[in-house]
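We did not get these values from a lab; they are worked out from the coordinates using the rules stated. From a predicted model like this one, the values you see are computed outputs, not experimental measurements. Neighbour counts are summed over all protein chains in view; Cβ atoms, including those assigned to glycine, are modelled from backbone coordinates with ideal geometry.
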């Protein structure tokens, strides 16, 4: 009995050629992020607190540094002393591997009988900075490299891993206004 819909009525299935190529080789990619390790920031803060407690030039000036919500609050009884507290904090951040580009410290302002500085640690890449990085990649990276902004990070992809590594080297050589890390290289 001929098979319905088959021109010759043959009961055999048609011979299959080589399996179809389903997908081209997957792109390699990495993410550009700007994150501060909260534990390292805490460690730096505790080291700064310890040094401020022990240093003679901070005795009796009400010098302190502590978390105030998500911000750091630095206090002292004069503008000069509060700037010295900031210097101590910055040196401890550097020792813990946190770039000062991640620290957004305001200017000293008087508050009652003391001076304060509010500082915050930047997490995530802001839209303007992401656009600048994206422009650098478009103009100077190998042409196979593509990038897209995804919220507060950038995804960079290419067929060539070598091109991606060249892009990382290019960005490390640039003086970006934020501290960036390269993660999820695959």
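Of note:
- A simple spin-label model places pseudo-atoms 7 Å from Cα toward Cβ; at residue 155 and residue 70 they are separated by 2.4 nm.
- For region 38-121, projected area of the alpha-carbon convex hull averaged over all directions, nm²: 4.9 nm²
- Folded to 0 to 90 degrees: helix 161-173 orientation relative to the chain principal axis, Cα: 20 degrees
- Region 38-121: antiparallel DSSP beta bridges as a percent of all, rounded to 5: 100 percent
- For the chain: Kirkwood Rh in Å [reciprocal of mean 1/r, alpha carbons]: 20.5 Å
- With Cα atoms, 0 to 90° folded angle of helix 38-54 axis to the chain main axis: 10 degrees
- Neighbour counts of C-beta atoms inside 10 Å place 30, 185 in the sequence 185, 30, starting with the fewest.
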